[in-house]
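Please treat every number below as a calculation from the coordinates, not as lab data. Predicted, not measured: the structure shown is a model, and the values here were computed from it. All Cβ positions, even for glycine, are placed from backbone atoms using ideal geometry, and neighbour counts span all protein chains on display.
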Amino acid sequence: MEMPAKNHRKIIHIDMDAFYASVEQRDNPELRGIPLVVGGSPEGRGGVVATASYEARKFGIRSAMPCKQALQLCPHAVFVRPRFAAYKEVSQKIREIFSRYTDLIEPLSLDEAYLDVTEDKLNVSSAIEIAKQIKQAIKDELQLTASAGISINKFVAKIASDMNKPDGLTFIGPSAIEGFMEKLAVEKFHGVGKVTAEKMKKMGLFTGADIKLLLQEQLVVHFGKAGNFYYRIVRGIDEREVQPHRETKSLAAEDTFAYDLTTTEEMEAKLDKIAEIVCGRLQRSQLNGRTVTLKIKYSDFRQITRNRSLAAPVNDLETICSIAKQLLAATNPEDKKIRLLGISISNFSGPETRQREEKWPDQLKLFPL
């Protein structure tokens, strides 16, 4: 089922190694060689782990884990608050290194991106050599390490980049892809979460080879539209292009609080701060949205959303704050305990809606503002 060789794309997926923690260890020698957790505080509600150093990962600490749990796993771990401005600055320098080779760069977040080097600016021609040069430039210029996956499509390249971390480089060529996918455990499939992986295992599907035994129609029955994707990807088929510009569908920020909010005054004060972040992002991206959505999570973890669509798109702070507070008031917040509030803007209009969404402020949802 391979395409003619001349039509094969050359795709690289670059993934920085423990990015936030590595930047902190680079900038502070005292943090090197010790279990380091970048995230919230283990006291109180504490938030979650954004990134753990490889020294911390040996104790089972992982991203998105509650900081309290991380402390239990490694009582001598050091916790530091994230410095997103610093990470964004480093990310921009990494992007500059990428752009020496290609303009077809699709960033997924601050610390990872796809590159299409089918035709590269420096006429290196070899995707493996380009990946080596990029990794070396990142090491020499930024004192950081990255792992690279190289293949003919995005899906396989992304999986490959995770195979030999840290500082890894893995190439999976056209003739090896189907065999590789057949041996791959279902939980390693990018996009298959824990719930889906467990469902697959209950069906006797443990590897790509098991999935391959099912008809496309059977996969759709069990997994909906995603079944079509599983059918194709287990055969190594992924025709998605690297997209330097992707449509921004929404901009959002949210905050989990160190203590439950119980008064309307507290809630509105927090909404003011969240709205400032959202408004700033809209204005930097030159976007205007018609729909304002309020997200509320209560102390019992029950979550609701409320939204309002406007006749004309907006991006000004006063309007966004006002609507968010009106949506809050409509939920009768008195005598309720709220642990999280968030605001998002969507339904964009105008020529700027094709701009690429900035990823970094989303990280604010993990930590108190």
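See the values below:
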{"item": "Label point at F301 placed 7 Å out along Cα→Cβ; residues across segment 181-219 whose backbone nitrogen lies under 15 Å", "result": "195"}
{"item": "Mean separation of Cα contacts under 8 Å, 6 or more apart, over the residue count of segment 250-366: relative contact order %", "result": "45"}
{"item": "Relative contact order %, the chain, counting alpha carbon pairs below 8 Å whose residues are six or more apart", "result": "17"}
{"item": "Peptides ranked, highest mean first, by Cβ atoms within 10 Å: ranges 157-166, 176-185, 215-224", "result": "157-166, 176-185, 215-224"}
{"item": "Most to least packed among 271-283, 97-109 [average Cβ atoms within 10 Å]", "result": "271-283, 97-109"}
{"item": "Quarter of the Cα convex hull surface for the chain, i.e. its orientation-mean projected area (nm²)", "result": "20.7"}
{"item": "Nearest 10 degrees, 0 to 90: helix 317-329 Cα axis against the chain principal axis", "result": "70"}
{"item": "Unit charges at the beta carbon, dipole of the chain: most positive-side option, S126, S250, L219", "result": "L219"}
{"item": "Long-range amide H partners of S250 with built H, under 5 Å", "result": "none"}
{"item": "Rounded to the nearest 20 debye, dipole of the chain from Cβ charges on Lys, Arg, Asp, Glu", "result": "720"}
{"item": "Sequence ranges 317-326, 227-236, 7-16, ranked by mean other-Cβ count within 10 angstrom, highest first", "result": "7-16, 227-236, 317-326"}
{"item": "Alpha-carbon centroid distance for the pair segment 17-40 / segment 85-139, whole angstrom", "result": "23"}
{"item": "Two-site FRET efficiency, R95 against A176, from Cβ-Cβ distance with R₀ of 25 Å, rounded to 0.05", "result": "0.25"}
{"item": "Ascending count of other beta-carbon atoms within 10 Å, so fewest first, for D111, D27", "result": "D27, D111"}
{"item": "Rotationally averaged projected area of segment 8-147 (alpha carbon convex hull; nm²)", "result": "8.9"}
{"item": "Residue-averaged 222 nm ellipticity for the chain, from DSSP H runs of 4+ at -39500 (n - 2.57), nearest 500", "result": "-10500 deg cm²/dmol"}
{"item": "For segment 250-262, 3J(HN,Hα) per residue [Karplus equation, 6.51 cos²θ - 1.76 cosθ + 1.60, θ = phi - 60°, Hz, x = Gly/Pro]", "result": "7, 10, 8, 8, 8, 9, 9, 8, 6, 9, 5, 7, 10"}
{"item": "Filtered GluC sites (Glu not before Pro), segment 97-169: DSSP coil and at most 13 other beta carbons within 10 Å", "result": "E119"}
{"item": "Other-chain or far-sequence residues with amide H under 5 Å of G168's (modelled H)", "result": "S147, A148"}
